[in-house]
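Read the figures in this text as sums done on the coordinates, not as results from a lab. Fair warning: this is a prediction, and the values are worked out from it, not measured in the lab. Using ideal geometry, Cβ is built from the backbone for each residue, glycine included, and neighbour counts are taken over all protein chains shown.
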Ligand SMILES: [Zn+2]
């Protein structure tokens, strides 16, 4: 949750600062460990309050493709700021919480422009590995759901790259029928 708040703060900053190319921010467990360029740091302090009333992305639906080994998840997200932003990319590893096993990789299907007050659909594709398939069959055979986390999240918002090596529990999803 804290990660999301940070990202949304950075959306705000990116929109204010305009194109900030090549800025990489490494996020660990708390804000005090952030490695932030000084010019961004001040902007974070000035805009942090703006991130306090934010509607989280809402999952709309997801579809499985057993042949391609993919889950395509669609969420809608309303830009909470009075500014236009672009989410250029988002990638993450998908991890089984129970066994700490990496199941595959997720990435946003395409860049999303979010004008102020606009709601957009964000499509993310998760590709699971053959190892994940074996894992479902050997460790989760009798279960219909699996609890997962996103790890090593990298998101590029309006030219600002945020890296978050820590794990973020995003709840359970149905296990793909393989
Ligand atoms: Zn597992």
Exercise. Mind checking which residues of region 115-127 are buried (at least 16 other Cβ atoms within 10 Å of the Cβ) and either touching a residue at least 60 places away in the same chain (Cβ under 8 Å) or within 16 Å of the ligand (Cβ to nearest atom) (or both)?
Worked result: 122, 126
Problem set entry | Identity of the residue in region 141-178, in contact (Cβ under 8 Å) with a residue 60 or more places away in the chain and not in a strand (DSSP E or B), that ends up surrounded by the fewest Cβ atoms within 10 Å (Cβ to Cβ) | 177
Exercise. So residue 130 clears everything in (1) within 16 Å of the ligand (Cβ to nearest atom); (2) buried (at least 16 other Cβ atoms within 10 Å of the Cβ) except one condition, right? Which one?
Worked result: (2)
